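Here's the structure, in C-alpha cells; my notes come after.
The values are calculated or read from the model by the stated rules, or taken from the named source; none is laboratory data. Predicted model, so just to flag it, every value in this text is computed and none were measured. For neighbour counting, all protein chains shown are included, and Cβ atoms are generated from backbone atoms with ideal geometry for every residue, glycine included. Areas reflect the complete protein model, heavy atoms only, side chains present, ligands, DNA and RNA absent. Shrake-Rupley method; radii C 1.70, N 1.55, O 1.52, S 1.80 Å.
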Amino acid sequence: MKTLFYPKLAVNGMKKNKRLYLPYILTLVAMVMMMYITAYLARSENIANTNRGVFAQWCLWLGIIVIGIFSLIFLFYSYFVLIKNRGKEFGLYNILGMNKRNIARILLCESLFTLIISLLCGLAAGILLSRLAELCMFRLLSIDPVGNLSVDAGAIAITAAVFTAITIILLLSAFVRIGRLSAINLLQSEKPVSYTHLTLPTK
C-alpha cells in the first residue's frame, strides 16, 4: 500500500543503520527517564508537604530546565552526526528518483518511530525508578518516607512535550541540511556506508 511505503522504508533504514540508531535511541531513553524522574519529584506532594521540600522542588524545577537544554544540545549534535553518516544513502535515494520531499518523509517516519520507542521505554524506566528516587530524596532531606509508588500524569505530559519539541527541532534542522545539499554533495559525505539495503519497497 502507498501509505505504508515511507514507514516501511524508514523501518528498513533504521534496521540497516542500527549501529547509528541504537546508541542514539539508548541515549534518548536515558534522558527521557531522567526528565520524568525529575518532573515526578518536582511535582510530588509527598515532598511538598515536608519542611524543606518546597525549596528542594524549586531546585528540581530548575533541574528540568537544565536537563531540557542539555538534552537539546547533546541530541542536536548526535542527530547531526547520524544524518551526516547517512549522507551517501540519501544521495543514492535522490539519484534513484526520490526527491527531497520523499527523503523528508522518510526522516519524519524515522523520527516518529524513534520518539515513540524512546518515550515508551524511558517513561517505563522512569516510573519504575521514581519511587526509589523519591526515597533517596527523603533521605537527603532527613525525613521519614511517606506514600507509595504512583504514576504522575503531569510528569508524563511534561516529558512528552519536551522531547516532542526537541524532536521537531532536530527534524527541521535535518530538513534544512538535506534541502541545501545536492545529490552529489550527499554522495561526497566522508563516512562510508553500505548500499546493499537500498532496495525500495514496492508501493
Worksheet item: Which one of these is surrounded by 17 or more Cβ atoms within 10 Å (Cβ to Cβ) and within 17 Å of Tyr40 (Cβ to Cβ): Ile83, Ile106, Ile166, Ile156?
Response: Ile156
Discussion item. For Lys191, only one of the following conditions fails: (1) assigned to a helix (DSSP H, G or I); (2) at pLDDT below 95; (3) open to solvent by 70 Å² or more (accessible area, probe 1.4 Å). What is its number?
Written reply: (1)
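Please verify whether Leu115 is at pLDDT 75 or above and not polar (S, T, N, Q), treating the condition exactly as stated.
On the way: at pLDDT 75 or above: yes; not polar (S, T, N, Q): yes.
So Leu115 fits the description; yes.
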Worksheet item: What number of residues within the range 40-61 are touching a residue at least 60 places away in the same chain (Cβ under 8 Å) and touching a Ser or Thr at 6+ places or on another chain (Cβ under 6 Å)?
Response: 1
Discussion item. Regarding the range 11-24, can at least one residue be identified that is under 30 Å from Arg139 (Cβ atoms), in contact (Cβ under 8 Å) with a residue 40 or more places away in the chain and hydroxyl-bearing (Ser, Thr, Tyr)?
Written reply: no
Practice prompt. For the range 1-49, name all the residues that are open to solvent by 30 Å² or more (accessible area, probe 1.4 Å), over 20 Å from Leu107 (Cβ atoms) and more than 20 Å from the chain's Cα centre (by Cα).
Written response: Met1, Arg43, Glu45, Asn46, Ala48, Asn49
Practice prompt. Answer yes or no as to whether Ser150 is out of contact with any strand residue (DSSP E or B) (no Cβ under 8 Å at 6 or more places or on another chain), surrounded by fewer than 18 Cβ atoms within 10 Å (Cβ to Cβ) and not in a helix (DSSP H, G or I).
Written response: yes
Item to complete: For Ala56, state whether it is buried (at least 22 other Cβ atoms within 10 Å of the Cβ) and in a helix (DSSP H, G or I).
Response: no
Fill in: Hey, Leu107 closer than 25 Å to Tyr36 by Cβ and at pLDDT 70 or above or not
no
Fill in: Test result for Arg139, among the basic types (Lys, Arg) and out of contact with any Gly (no Cβ under 9 Å at 6 or more places or on another chain)
yes
Discussion item. Based on this model, can you work out whether Arg105 counts as part of a helix (DSSP H, G or I), without any contact (Cβ under 8 Å) to a residue 12 or more places away in the chain and either charged (D, E, K, R) or in contact with a Ser or Thr (Cβ under 6 Å, 6 or more places away or on another chain) (or both)?
Written reply: no
Item to complete: Hey, could you check the range 116-147 for residues that are open to solvent by less than 20 Å² (accessible area, probe 1.4 Å) and under 20 Å from Leu26 (Cα atoms) and say which is nearest to the chain's Cα centre (by Cα)?
Response: Ser118
Discussion item. With the structure loaded, tell me whether Ser71 is under 16 Å from the mean Cα position of the chain (by Cα), crowded, with 20+ Cβ neighbours inside 10 Å and touching a residue at least 24 places away in the same chain (Cβ under 8 Å) or whether it fails that test.
Written reply: yes
Worksheet item: What number of residues in the range 119-145 are acidic (Asp, Glu) and farther than 23 Å from Ser71 by Cα?
Response: 1
